[in-house]
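Data first, discussion second: the structure below is written as structure tokens.
The values are calculated or read from the model by the stated rules, or taken from the named source; none is laboratory data. For clarity, every value in this text was computed on a predicted model and none was experimentally measured. When we count neighbours, we look across all protein chains shown, and the Cβ atoms used for this are built from the backbone with ideal geometry, even at glycine.
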Amino acid sequence: MKKVLLTTILLAAGSAVAESALTGIHLGVDAGLQRADFNQYLDTADTGAVPANAHAKLKKPSYQVTGAVTLGYFKDSGDLYYGTKFAVGNVFGDRIKKPTDSTGLYNSIKTKVKQEYSLALTGHIGTYISNDMIFYGLFGVKRIRYALEVNGTAAGAGSSSPRSTVGKTLWGPIVGLGLKRSLSDAWSFQTEVSYEFYQKAKTGRLTATANEYIGMSIQPRLWNLTIGLSHKF
């Protein structure tokens, strides 16, 4: 009987520690690595007397370091764990691609994709796999602001060299899985893997002369692997 009572007390104490570290209001920071497949499309055209048109697609992935500040609120009911988290983040550095212009209108075309910021709101639902660790799924929506830049160097003498930057805001769903563990009564650590996908964003028609133009579009597909540290208040 004494052993049963002692075991019950220890389990209750462990649950209390887990609850104090893993539930409530949390402020934290996340950092990670992102793989981006932009499915980048490039269009060039000459609508003069002898039309020439080209359509190129690039799917070369790029990798970037990510960072975010997070604010979350979490609760539990027995083994069920649930809550929501808001994150403000960004990536570090520009993504630059150099498509080939097969029309001969331009000596070179350089495109740049720069993320300016991101906002994400996700829901979390999971279960305790030990008294201080939780396995959970996450789902939500993310908003990303991109700047798309196109630079063209004309091949013909006297031709213009178009340059344009267009800002695009994309909304897309985010899904993923995570593990969260308490480190003390106030601190917790988590790691997550997530996937995001967005609609196509276009620069529009970039006119070089009366007859020539360059257009670019992207359709992001993003994989994220992140780690984070949060503090309960």
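Just a few scattered comments:
- Residue satisfying all of: in the stretch 162-186; more than 23 Å from the chain's Cα centre (by Cα) and surrounded by 15 or more Cβ atoms within 10 Å (Cβ to Cβ); modelled with the lowest pLDDT among these: Pro162
- Hey, Leu80 over 27 Å from Val141 (Cα atoms) and at pLDDT 65 or above or not: no
- Of the residues Glu149, Glu192, the single one that is out of contact with any Asp or Glu (no Cβ under 6 Å at 6 or more places or on another chain), in a strand (DSSP E or B) and either modelled with pLDDT of 95 or more or within 24 Å of Gly32 (Cα to Cα) (or both) is Glu192.
- Residue match in the stretch 26-48 (condition: at pLDDT 65 or above, in contact with a Lys or Arg (Cβ under 6 Å, 6 or more places away or on another chain) and farther than 21 Å from Ile174 by Cα): yes
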